[in-house]
Amino acid sequence: MKSKHIKIASAVMVLSLICGCKSKPFEPQHKTEVETEKISTGAFPQVIEKNVTYIQKEKDGPWEVESSSETKWELGDTSEMPDSYWRFVLDDCASLSPALEEDFKGVSGVFYVHFGKDMKDIKGTTGKAADGSEKIDVTFSATSDSFLYAGVQKFSFEEVKMYSAEVKRDGSMTIVVDYGEGKGTISLPGKADRLSRWDYLTAKSDTYIKDVPFKDLPEINVTSQALHDDIWDTKISKTIDGQNISPELTWEKVDGASRYVVIMLDGGWLHMDYITTNTSMTEGEIDSEFRSNKGKQYVGPYPPSGTTHTYTVFVFALKNEMSVGNWNFDKGSNYLDKIFEGLDTDKDGNTGNVLAYGRLDGFFTMH
């Protein structure tokens, strides 16, 4: 009898252990986190703050978004806005300004703007536009430059005052500007590309040389103390503020070179030709007061008012004396292929005379 009771007790104990080992059903887990999303559409940065709830449906399983609710939309970090460069593609130039309605309706274009270094006091306030859509009213102060390619025409605007902008969700904006004739507005699309200073100046220039016929030759480095942030010093220019003084230049030595030919081109306009056995030129080495013979001539930049031109220095390392200088000083129609042809053929008619070349680009704007 006692043995029977022991067996029953043992069975109950085993059942209890089995039942106790069975885990409870997994209950889904929830967590809510505050997340910030940076919006890069448009020129002005935007930030969206959200409460995001996640759910874990299985033990050790992935966390999935269950719900999301926006709590804040505001202006983002604007610390990189001063001295920034932008490009906006326009399907219709008339959308930029009512002033373009009559002549440029339906004409596609590209608008470039440089927000000046003096851009300051940037503040944003979220609100509602007249049509009920959300907007951020941005106040600031900046002196800016801009230019517009409308079809085949180009318009440049220097020292434009900008005061405020109304920014929409899609990044599009309307900016209050003053071109010197009172305040007005320009409207820009949300698709904006931030550019480097170099790309902006290249696009702004009317005479940047994109292609060279001798690009397969070895290249050497050329530098100048007259070039600051890709801009030529005013003193080298032939302007009211300039001194018409030839720039300092330094370049690498090329093995086997007996001489170097230095030219400066504004597109196809020749501003300098200089032949030397040295690997440098001192400032003012060419007397620009007198027109010397070919091989030592200089006249400084003097682009038309309100335009930006590129003044490109080419340095050619020659094995022997060239056959002919195929260029015309202080005149247009100086073609690189013709110049190179004369340099690459020596006085005895042998080709392959150019061993290497260097290039230095600088921009100059006539205000």
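Output the pairs from Lys294/Lys331; Lys38/Lys72; Lys105/Lys191; Lys38/Lys191; Lys210/Lys338; Lys238/Lys331 with a Cα-Cα distance over 18 Å in this structure; if there are none, say none. Result: Lys105/Lys191 exceed 18 Å.
Run the numbers for Thr139 and Ile231: contour at 0.36 nm per residue of separation, minus the present Cα-Cα distance, in nm. Could you put the intermediate results ahead of the total?
Details: separation 92, 0.36 × 92 = 33.12 nm, distance 3.05 nm.
30.1 nm is the gain from fully extending Thr139 to Ile231.
Fully extending the segment from Val89 to Ile39, taken as 0.36 nm per residue of separation minus the present Cα-Cα distance, adds 16.1 nm. The distance linking the range 25-43 with the range 148-197 is 35 Å (Cα centroid to Cα centroid, whole angstrom). Summarising the amide proton neighbourhood of Glu283: residues at separation of 5 or more, or on other chains, whose placed amide H is nearer than 5 Å comprise Glu248.
Amide H to amide H distances under 5 Å link Ile245 with Ile236, Ser237, where only residues 5 or more positions off or on other chains count and H is placed in the peptide plane. Measuring between their Cα centroids, the range 73-91 and the range 269-305 lie 41 Å from each other.
For the range 20-89, the list of GluC sites (Glu not before Pro) that fall in a loop by DSSP and count at most 11 other C-beta atoms within 10 angstrom reads Glu58, Glu80. The label-point distance for Phe157 and Ser79, in a model that sets each label 7 Å from Cα toward Cβ, rounds to 3.0 nm. Within the same chain, lysines fewer than 8 places from Lys57 are excluded, and of the rest, those with a Cα less than 17 Å from its Cα are Lys24, Lys31. Among the chymotrypsin sites (Phe, Trp or Tyr not before Pro) within the range 290-347, those in coil by DSSP and having at most 11 neighbouring Cβ atoms inside 10 Å are Phe290.
Candidate membrane-span-like segments in the chain, meaning DSSP H helices with Cα atoms spread over at least 27 Å of their own axis and a Kyte-Doolittle mean of -0.5 or above, are 2-21, with no membrane implied. Hey, of (1) 271; (2) 134; (3) 193, which did the structure itself give for volume of the Cα convex hull per residue in Å³ when calculated? Working out volume of the Cα convex hull per residue in Å³ from the coordinates points to (1).
Could you check which residue among Gly300, Gly61, Gly190 shows the biggest mean-square fluctuation in a GNM of the chain with a 10 Å Cα cutoff? Result: Gly61 has the largest fluctuation of those listed. The modelled label-to-label distance between Ala130 and Glu321, using points 7 Å beyond Cα along the C-beta direction, is 7.7 nm.
The length gained by stretching the chain between Val107 and Asn293 to full extension, at 0.36 nm per residue less their Cα-Cα distance, is 62.1 nm.
Read-outs: derived from the displayed coordinates by stated rules, not from any lab. Quick caveat, the model's predicted, so the values are computed rather than measured. Neighbour counts are summed over all protein chains in view; Cβ atoms, including those assigned to glycine, are modelled from backbone coordinates with ideal geometry.
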